[in-house]
Amino acid sequence: MALAVVTALGGIGARDALAGGASTRPGVGAVIYSAGGQSGVTFRTWAPFASSVSVAGTFNFWNTNATPMAPEGNGWWSTDVPQVGAGAQYKFVIRNGGSTLWKNDPRARRVTNSVGNSVVYDPNAYQWQTTSWQMPSWDGLVMYEMHPGTFGANPGQSPPATLQACRAKLDHLESLGVNAIALMPVNEFPGDRSWGYNPSHPWTVETAYGGPDALKAFVDDAHSRGIAVLNDVVYNHFGPTDLDLWRFDGWSQNGGGGIFFYNDSRAQTPWGDTRPDYGRPEVRDYLRENLVLWLTEFRMDGTRVDATKFIRRVGISGPEIPDGWWVLQQLNDAANQLGGGKIMVAEDLDTDAWITRPTSSGGAGFDSQWCSGFYPKMRPALVTSNDADRNMWDVRDAIALSYNGNWLQRIVYTESHDEVANGRSRIPEEISPGNAGSWWARKRSTLGAGVVFATPGIPMIFQGQEFLEDEWFRDDVALDWARAQTYSGILQLYRDLVALRRNSSDLTRGLRGASTNVFHVNNLNKVIAWHRWQSGGERDDTVIVCNFSATPLTNYRIGMPRPGLWRVRLNSDWSGYSSDYANHPCFDTSTSQVAWDGLSQSALVSLGAYSIAIFSQGAPTRPEDLNRDGRIDALDLSVLLANWGGAGSGDLDGNGRVDGIDLSRLLAAWGS
């Protein structure tokens, strides 16, 4: 039998492989082992059309014959190499007939660079510091999309920045109040600068960013501040350059990419003919296990899957790829099995409710998706120069849209990496070309941000949006951090919007509620108002009023969902946000029994030009009053101690855990 296998596999190379013996240890790629007094690395790879496979590296002086790998069946090859450890460089040497191919490990955990060598990596070497992390509730998520290479760069520095440099700016995000970072892809890509959507090595972390331990330290540091981290994966195509997966074992058909790719018309994508072959079980496993890697070893709190439309279809309109739909379902089922509140996000942009329906009902199973029904309607309402041309019915539709009746199944935004790149401007710049700091640009762009934070859905802003970044996004231009000081008032407005959206002062629970009623649309005067609530009542029912015109509103009547006094929680026309704002009177208002907007009560409100105001009822309570009885006493202390070391009630500084800092703050307020 052994002779027959040797003959079938091509002679001496295969005989040498059999002599080495296949590994009985688990794992694919380069897996460090240490047991029973033995240590080394198990190498395993899939190369079904190879005549023979060996591994060459620094441990055998790159000898192509010194370390053969044995066939295991079904195209798998493996061997154990003793006394090899982390840091060793290697490649697989694959023979196919008369061809000899030097290939990086498809599951390499580190590489020297995108065209360099694979590096053995110890996934257990990093020592995590944050052990009590808990994912924030999805109804309170506020996302911040980040490109590490440009976010972390300091003034005068050229990108790319490292993940360590990004960690130095986490204080900014903690102060802003966001509690979820949506990282753009960090996989190894060609060169040192990229958006990241051209992954060459899907299992590695970009060398220029610092590699895998740098990413773990970034997540660790973010978690210590109460901030979740989501990664971004690209499974609709790989590469297309610096791509050792291409014709990995020498086989291909129709000029295609070989075993990892479709070798027919299904390979075609807008980024090259490198769509993975979702019909092969080994490729599906490769993608699913890659996702699980980020969610477990790297402790990601969720994942955005890029351009899912091009996983389930060949082109924008088809034809469909049934195996691609199956892959999406498998990815989401795998994430759900992990538990821990991890959120799976699709970028599909087809306004397709099936994307966020459960797999048990035939849906793709995502938890949420970037909402293509919001941005395209909102942006014209903000950037159009003539007030008469703003369509408030489009704004109404953008606010009211939901998928499957679930308000959390969409991510809403006015800026993202796609919408402010490739020649498309940031919103302030498009409003006032060449003068993004103008009154018009500040007023209307922040009005749009206000709608984002007050709209049902998970709000997201793009890096720099909070201080009026005016550069369209490029991977070679750093953020202009000086603008955070120049527009410190605008930055404070974003802080206030985030705090209200997260209900940090327990005054606007409705902004975390499932119910929405857009009850007032005035397309003539460009006014819109809506009501959001969880259960209803004081500090829950929240009313948002927006003026999309340059004409201030004075004693303007709108309906109100409850009688009584409605307090102003935010007025974006406040001169504290910018000294040239009019500070148009926007006061607390009481209802009268005048039916309006289909509601039994109404009130008169006043609001400045291009402004948003947020109202709710009830007197403010101090955050230290944990049981909301109007006193800070032993009952509050009991609540805090019951949650000691964890998250939740008692986390007064919002850092994701209840600790001595929170205790000191409560004791300082004792008796008040």
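The values are calculated or read from the model by the stated rules, or taken from the named source; none is laboratory data. On a predicted model such as this, the values are computed, not experimentally measured, just so you know. Ideal geometry is used to build each Cβ from the backbone, glycine not excepted, and the neighbour counts take in all protein chains shown. Side chains included, ligands, DNA and RNA excluded: accessible areas come from the protein's heavy atoms. Shrake-Rupley method; radii C 1.70, N 1.55, O 1.52, S 1.80 Å.
The table below lists the values:
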item: Filter result for the condition that a residue is crowded, with 21+ Cβ neighbours inside 10 Å and in contact with a Pro (Cβ under 9 Å, 6 or more places away or on another chain), over Asn332, Asn290; result: Asn332
item: For Val84: the one exception among (1) open to solvent by less than 10 Å² (accessible area, probe 1.4 Å); (2) over 30 Å from Gly196 (Cβ atoms); (3) not in a strand (DSSP E or B); result: (1)
item: Segment 105-143 - residue that is among the basic types (Lys, Arg) and touching a strand residue (DSSP E or B) at 6+ places or on another chain (Cβ under 6 Å) and, of those, farthest from Ala499 (Cα to Cα); result: Arg107
item: Verdict on Glu471 being surrounded by fewer than 23 Cβ atoms within 10 Å (Cβ to Cβ), within 17 Å of Glu419 (Cα to Cα) and either of a type outside the set (A, V, I, L, M, F, W, C) or at pLDDT 95 or above (or both); result: yes
item: Residue match in segment 96-106 (condition: open to solvent by 10 Å² or more (accessible area, probe 1.4 Å), aromatic (Phe, Trp, Tyr) and outside any strand (DSSP E or B)); result: no
item: Output for segment 610-669, where each listed residue is open to solvent by less than 50 Å² (accessible area, probe 1.4 Å), over 28 Å from the mean Cα position of the chain (by Cα) and among the small types (Gly, Ala, Ser); result: Ser611, Ala613, Ser616, Gly618, Gly660, Ala669
item: Strands (runs of 3 or more DSSP E) wholly inside segment 541-594 containing at least 3 residues that are open to solvent by less than 50 Å² (accessible area, probe 1.4 Å) and among the aliphatic types (A, V, I, L, M); result: 542-547, 553-560
item: Ala165 vs. criteria surrounded by fewer than 22 Cβ atoms within 10 Å (Cβ to Cβ) and either modelled with pLDDT of 95 or more or not in a helix (DSSP H, G or I) (or both); result: yes
item: Filter pass, Glu538 being more than 22 Å from Gly373 (Cβ to Cβ), at pLDDT below 95 and of a type in the set (D, E, K, R); result: no
item: Which numbered condition Asp249 fails, given (1) crowded, with 23+ Cβ neighbours inside 10 Å; (2) at pLDDT below 95; result: (2)
item: Residue identified as among the acidic types (Asp, Glu), outside any loop (DSSP other than H, G, I, E, B), open to solvent by less than 10 Å² (accessible area, probe 1.4 Å) and closer than 23 Å to Val142 by Cβ among Asp232, Asp171, Asp221; result: Asp232
item: Segment 23-76: number of residues that are open to solvent by 20 Å² or more (accessible area, probe 1.4 Å), in a strand (DSSP E or B) and in contact (Cβ under 8 Å) with a residue 40 or more places away in the chain; result: 7
item: Residue pairs meeting the criteria (Cβ under 8 Å; at least 6 apart or on separate chains; first open to solvent by 30 Å² or more (accessible area, probe 1.4 Å), in segment 414-438; second β-branched (Val, Ile, Thr)); result: Glu430/Val383
